[in-house]
Amino acid sequence: MLEPNQKLSVLFVRQTAMLQLTHLKKAYGSRVILEVPHLIIPDGAYWIKGNNGSGKTTLMKIIGGINPFEGSVILNGIDLIKNPMAYRQQVSFAEAEPVFPGFVTGWDLIRFVQKTRHAQDESIKTLVDYFGIESFLSYTVGTYSSGMTKKLSLLLSFIGDTKLILLDEPLITLEDSFLPILFSLIKERQASGSSFLLSSHQPFREDQFVPNGKVIVENQTAEFIAS
Amino acid sequence: MKGILHMMIKVLVMPFYKNHAGLLFFVFFLMFGIVESTQIVFYHQSLIYGMLSSGIFLVVVFVIWLLYQLKSLHFLLKNLGDDAYSFLSHVTLLPAAQSFLYFLLISFITFLPVFFYTLAIYAIGIQQAFYEVLALVFVFQLALWLMNAWMLNHSIRQRHIASRVAVPTLALPYQQTQTGIYAGYLFKEEKSALLLSKIFSLVLIYIVKETLEPGDDFRIVGITWLFALLSHTYLVQKLKTFEDHSLSWTRNLPIPVTKTFFSYLVLYSILMVPELLLLTGSIGRGLSLLQFTLLPIFSSTFLMAIHAYLLKPNRDPDQFLTYLFWLFLGCFMLVLSKLIWVTGVAMLLISFLLFRKRFFQYEPVE
């Protein structure tokens, strides 16, 4: 049983503004794709919801540090523009349709990301076992099916001790039997302090994953709705 | 039907010329830039006369044309095999003879720079009554166009059948590093472009090296080195496209921009190692040890200056050739002014600052 002050402290941690977007704007010439005056997303796992072309991937690529933007993106007090390396140490991103160099092996990419994120060998072994993809990691990525490439991309996003993991359309191209494995890993990482933003066109099965809230992307802006 | 041909020209021929602008620019300078303007007509008359009258010279020219045609074939085949160009499979709905004719036209248009020069060969050949040699030139060029057209037509119509020819690839041990991945791309995915760049550049360096004598001005080597670098600009463009297409996800990783910059710098230094090795015999013969060490700095920073330009946000792709021209001209003048080391250091500083400023402002073009 928690003491009242402990409860308060837990509540405080839960409500900490993990991600803050301020005056965020993404435009191509005069065409505005996304304009978010102010958005605060607390710790947790959230569903980024929106129609085709609403700007979900653009938003995720901005938060992931891949695409340039105007405004500010701050994660746990670290500004993406002012402190790009420290920010990127906290965030990882798995693309909806990942593209990797076809001539490298899965192991090459894993070791490359491992080095940049300073991950331990043991954690890599655990992840590879978890994903069950060791059998094809020695082959070049160009020989992979889209499902294998997707699994590799998801695995790469779990490497290191990142505080925010962005998964763009994690359900596509994966076999149904793999989804419980993915969601149990998400729960495990959530329990150890990571937050998640997952975009998906289809709703999640409640027995597999219940998000803490939604980020609705529509009308060129984004809005946070807690559950 | 004309729509299909128009589309083929737009997606095959135009990218070919955009991607090979550096190489064509290099050859153009080699042909017309190194000779005094008053001597240029006489120079080309002599060159063409030599080609028409010497069997060995003619064979060398044929080999160069063949290499050019193989280079364009490689580029076109690669585009045809790219998923992004899968819509071109609609060409197979046309009768085989018609699609062959379309590819023949594509093959001819990509050969135009050579063909224009061939017109001068025909003019001089007719004047000098070299009719048999001209017939040979015509037959050879026709064979080159037919070869490419047949290969392209066959490739698109037989794409569902697995290839029986396996091109050997190099196993590189360091593909878990940035430089290793970039080098892997050049050695594995751009083998023919790399080979062609090397042939042009090594032949050029070899010719100059053989003519060097003790006491010769270093500017001879410096200018030659600059021309040799031009044949590598295509590789920089290809690397940038590769980075945009297959490595955009790495922008999410905590890799310092400085590290990325130096990874490319190392690669571009390694790229010119064969040319450097070729020049080692010239140390003390028109080239001092200090001058020799300046060359890799000059080459890596020149190629980095191009790479940094390609990171310019909202860049107009058609401006690339203009940039390349001014960069080349600026370096040319500075080398002539015996300021090669100043040029190297200035390009290093400017390209580093631009690279660092632009890297995260740039949005990869997918």
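Just so you know, all these numbers are worked out from the coordinates, no wet-lab data involved. No experiment lies behind these values; they were computed from the predicted model shown. Note: ideal-geometry Cβ built from the backbone for every residue, glycine included; neighbour counts use all protein chains shown.
Taking label points 7 Å from Cα along the Cα-to-Cβ direction, B:Leu30 and B:Thr280 give a separation of 2.5 nm.
If you take each beta carbon of peptide A:61-70 and count the beta carbons of other chains within 10 angstrom, what is the mean?
4
For chain B, a Kirkwood hydrodynamic radius built from all Cα pairs, placed in the Stokes-Einstein relation at 25 °C and 0.890 mPa s, yields a translational diffusion coefficient of 109 µm²/s.
Note on the range B:86-145: the C-alpha convex hull projects to 4.9 nm² when averaged across all orientations.
When only alpha carbons of the range A:14-226 are considered, Rg and Dmax amount to 16.8, 49 Å. When each of B:Thr179, B:Thr211 is scored by the number of other beta-carbon atoms lying within 10 Å, the sequence from fewest to most is B:Thr211, B:Thr179. What number, in nm² with one decimal, is the all-direction average of the projected area of the convex hull of the alpha-carbon atoms of the range B:178-232? Reported value for the Cα convex hull: 4.5 nm². Neighbouring Cβ atoms from other chains, within 10 Å of the Cβ of residues in A:108-117, number 5 on average. So what's the range B:51-153 giving for Rg/Rh, alpha carbon basis, Kirkwood Rh from the mean inverse pair distance? Radius of gyration over Kirkwood radius for the range B:51-153 works out to 1.07. For A:His38 and B:Leu119, a Förster radius of 60 Å and the Cβ-Cβ distance give a FRET efficiency of 0.35, rounded to the nearest 0.05.
Dividing the C-alpha radius of gyration of the range B:178-358 by 2.2 N^0.38 Å, with N its residue count, gives 1.03. Considering helices alone, the calculated mean residue ellipticity of chain B at 222 nm is -23000 deg cm²/dmol, with DSSP H runs of length four and up weighted by -39500 (n - 2.57) and normalised per residue.
The alpha carbons of the protein assembly as shown occupy a box of 104, 62, 48 Å along the principal axes, longest dimension given first. Subtracting the Cα-Cα distance from 0.36 nm times the residue separation, let me have the gained length for B:Ile40 to B:Trp326 in nm, one decimal. Stretched out fully, the B:Ile40 to B:Trp326 stretch lengthens by 100.7 nm.
Couplings for the range B:196-206, taken from phi via the Karplus curve 6.51 cos²θ - 1.76 cosθ + 1.60 with θ = phi - 60°, read 5, 4, 5, 4, 4, 6, 5, 4, 4, 5, 4 Hz in order; Gly and Pro are left as x.
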